[in-house]
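The values are calculated or read from the model by the stated rules, or taken from the named source; none is laboratory data. For clarity, every value in this text was computed on a predicted model and none was experimentally measured. Using ideal geometry, Cβ is built from the backbone for each residue, glycine included, and neighbour counts are taken over all protein chains shown. All accessible areas refer to the heavy atoms of the entire protein, side chains included, with ligands and DNA or RNA removed. Shrake-Rupley method; radii C 1.70, N 1.55, O 1.52, S 1.80 Å.
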Amino acid sequence: MKKEFNLEGYLSNGVENIVKNAMKATLTNPEESLFLAKYAVASRKARSLRQGAEAKGEHIPPFLISSITSSCNLHCQGCYARANHACHDAAAADQLKGTEWGTIFRQAKELGIGFVLLAGGEPLLRMDVMKEAAGIQEIMFPIFTNGTMIGEDYLKLFRKNRNLLPVISIEGNQTGTDQRRGEGIYQKLMDTMEELHESGIFYGVSVTVTTENLPEVFSETFLDGLYQKGCKLVFYVEYVPVDHRTRELAPGDAEREEMAKRLVSLRSTYEDMLFVSFPGDEKSSGGCLAAGRGFFHINSHGGAEPCPFSPYSDTSLKEVPLREALHSPLFLRLQSEGALLEEHAGGCVLFEKEELVRQYAQ
């Protein structure tokens with residue numbers, strides 16, 4: 001008889017592995033190790049809260065993605081946020097205030113959400129939100145940044161508040177990074193990584209994996225360069241097409257199998273580095289983890305969306321608390337009618353079913 005998939009156990013065990021591996025990666029950094037030891041206690045408490053809710057028939061995901069601003073200082077090629085008209089040069093007037101984000105983060109802590117990924121636009125344009133996040137040490141806040149705005153003020157904030165974890169976006173080598181992000185950006189990122197390393201700040205990088213750059217960004221040559229600059233965390237994010245013309249860049253089953261094999265090898269070779277793949281193998285996680293199964297996305301205006309790659313919403317955090325947003329009609333319908341569990345060609349199941357999500361959100 002086939003054993004029923006335990007989603008809560010799968011997610012919570014995944015969180016514990018991330019924390020355990022992060023502690024291993026910071027053994028030579030006393031300040032970081034001390035923070036992570038305290039965070040491990042908070043993480044266990046968060047798991048207990050989620051398990052308590054699960055026992056009462058309510059599923060609380062351990063992760064949340066928050067796009068805290070709609071503005072960005074770069075114009076990267078293939079940016080899904082600009083393609084979805086969720087990102088602009090200037091911030092929208094009706095985006096959430098810093099205090100409103102603080103309220104959401106505190107509600108997340110009370111629910112047992114232990115990781116809140118901060119994105120944008122460019123999240124470091126919102127120092128007010130960063131200060132709100134810094135005050136909630138029970139939550140880890142990976143900050144997905146283009147890395148161009150990390151100056152002395154942010155170095156000081158990161159040194160003091162270890163729950164703020166800068167994750168710098170890079171495309172691979174200098175040619176690929178400058179081609180997508182702009183001339184001179186690669187060198188700027190190298191200088192920033194050096195400053196973070198010298199300041200003893202635990203940081204990571206985020207790499208968008210395509211069918212074109214997969215061999216390079218999983219190579220020891222690329223990772224040796226990051227390791228020498230003190231990088232301890234690598235997020236591999238599978239490319240999701242911004243339109244159907246770039247579908248061939250999205251990793252398919254063959255590429256995902258290759259990524260999985262390489263990750264096993266890299267974790268053995270770089271024992272004091274942490275590698276995270278997103279969204280990873282959906283077969284092992286029982287399907288897509290969006291729409292509240294493992295996480296959901298809050299846009300800069302407060303709209304609750306299934307994920308950043310599926311920008312549709314029928315519920316606003318300006319009007320309802322976080323717990324209620326988790327039970328949005330859109331999320332419940334995506335979960336109950338099986339859209340998150342269906343097979344798809346590659347990339348993202350919600351991208352494949354964009355029209356269906358649009359209909360559900362109406």
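Could you tell me which of the residues Gln137, Gln95 is touching a residue at least 24 places away in the same chain (Cβ under 8 Å), open to solvent by 10 Å² or more (accessible area, probe 1.4 Å) and in contact with a Ser or Thr (Cβ under 6 Å, 6 or more places away or on another chain)?
Numbers: Gln137 fails: in contact with a Ser or Thr (Cβ under 6 Å, 6 or more places away or on another chain).
Of Gln137, Gln95, the one residue that is touching a residue at least 24 places away in the same chain (Cβ under 8 Å), open to solvent by 10 Å² or more (accessible area, probe 1.4 Å) and in contact with a Ser or Thr (Cβ under 6 Å, 6 or more places away or on another chain) is Gln95.
Just the residues that are of a type in the set (Gly, Ala, Ser) and at pLDDT 90 or above, please, taken from the range 304-335.
Kept after step one, since they are of a type in the set (Gly, Ala, Ser), are these residues of the range 304-335: 304, 310, 313, 316, 325, 328.
Of everything in the range 304-335, those that are of a type in the set (Gly, Ala, Ser) and at pLDDT 90 or above turn out to be Ala304, Ser313, Ser316, Ala325, Ser328.
Can you report the number of residues in the range 100-109 which are among the β-branched types (Val, Ile, Thr) and in contact with a helix residue (DSSP H, G or I) (Cβ under 7 Å, 6 or more places away or on another chain)?
So in the range 100-109, the residues among the β-branched types (Val, Ile, Thr) come out as 103-104.
Restricting the remaining residues to those that are in contact with a helix residue (DSSP H, G or I) (Cβ under 7 Å, 6 or more places away or on another chain) gives 104.
Adding up the residues that qualify gives 1.
Only residues in the range 270-298 that are in a loop (DSSP other than H, G, I, E, B) count as the first member; pair them with residues that are of a type in the set (Val, Ile, Thr) and at pLDDT 90 or above, Cβ under 8 angstrom, at least 6 apart or cross-chain, and list the lot.
Met273/Val234; Phe295/Ile65; Phe296/Ile65
What residue, among those in the range 103-148 that are among the basic types (Lys, Arg) and assigned to a helix (DSSP H, G or I), is nearest to Ala42 (Cα to Cα)? Don't jump to the end; show me each part of the working.
Filtering the range 103-148 for residues among the basic types (Lys, Arg) gives 106, 109, 126, 131.
After this cut, where a residue has to be assigned to a helix (DSSP H, G or I) as well, the list is 106, 109, 131.
Details: Arg106: 14, Lys109: 10, Lys131: 20 Å.
This residue is Lys109.
Tell me which of these Asp178 doesn't satisfy, since it passes every other one: (1) out of contact with any Lys or Arg (no Cβ under 9 Å at 6 or more places or on another chain); (2) modelled with pLDDT of 95 or more; (3) of a type outside the set (S, T, N, Q); (4) surrounded by fewer than 18 Cβ atoms within 10 Å (Cβ to Cβ).
(2)
Return the residues of the range 196-244 that are among the hydroxyl-bearing types (Ser, Thr, Tyr), touching a Lys or Arg at 6+ places or on another chain (Cβ under 8 Å) and within 22 Å of Arg256 (Cα to Cα); say none if nothing qualifies.
Correct list: empty.
Would you please name the residue that is surrounded by the fewest Cβ atoms within 10 Å (Cβ to Cβ), looking only at residues in the range 198-221 that are within 22 Å of the chain's Cα centre (by Cα) and more than 22 Å from Glu238 (Cβ to Cβ)?
So the residue we want is Ile201.
Take Lys232 and decide whether it is of a type in the set (D, E, K, R), open to solvent by 10 Å² or more (accessible area, probe 1.4 Å) and within 21 Å of the chain's Cα centre (by Cα). Spell out how you get there, then give the answer.
Working: of a type in the set (D, E, K, R): yes; open to solvent by 10 Å² or more (accessible area, probe 1.4 Å): yes; within 21 Å of the chain's Cα centre (by Cα): yes.
Taking the combined requirement at face value, the residue satisfies it.
Among what's in the range 10-64 and is over 21 Å from the mean Cα position of the chain (by Cα) and not in a helix (DSSP H, G or I), pick the residue that is surrounded by the most Cβ atoms within 10 Å (Cβ to Cβ).
Per the criteria, the residue is Asn29.
Quick test of your reading of the structure: Gly151 fulfils all but one of (1) out of contact with any strand residue (DSSP E or B) (no Cβ under 6 Å at 6 or more places or on another chain); (2) touching a residue at least 24 places away in the same chain (Cβ under 8 Å). Name the failing condition by number.
If we test Gly151 against (1) out of contact with any strand residue (DSSP E or B) (no Cβ under 6 Å at 6 or more places or on another chain); (2) touching a residue at least 24 places away in the same chain (Cβ under 8 Å), just (2) comes out false.
Please go through (1) touching a strand residue (DSSP E or B) at 6+ places or on another chain (Cβ under 7 Å); (2) open to solvent by less than 10 Å² (accessible area, probe 1.4 Å) for Leu334 and return the number of the only condition it doesn't satisfy.
(1)
When both residues are 6+ apart or on different chains and their Cβ atoms are under 9 Å apart, which pairs have a first residue that lies in the range 305-323 and is closer than 18 Å to Glu355 by Cβ and open to solvent by less than 10 Å² (accessible area, probe 1.4 Å), and a second that is assigned to a loop (DSSP other than H, G, I, E, B) and charged (D, E, K, R)?
As it stands, the answer is Ser310/Lys353, since those pairs meet every condition given.
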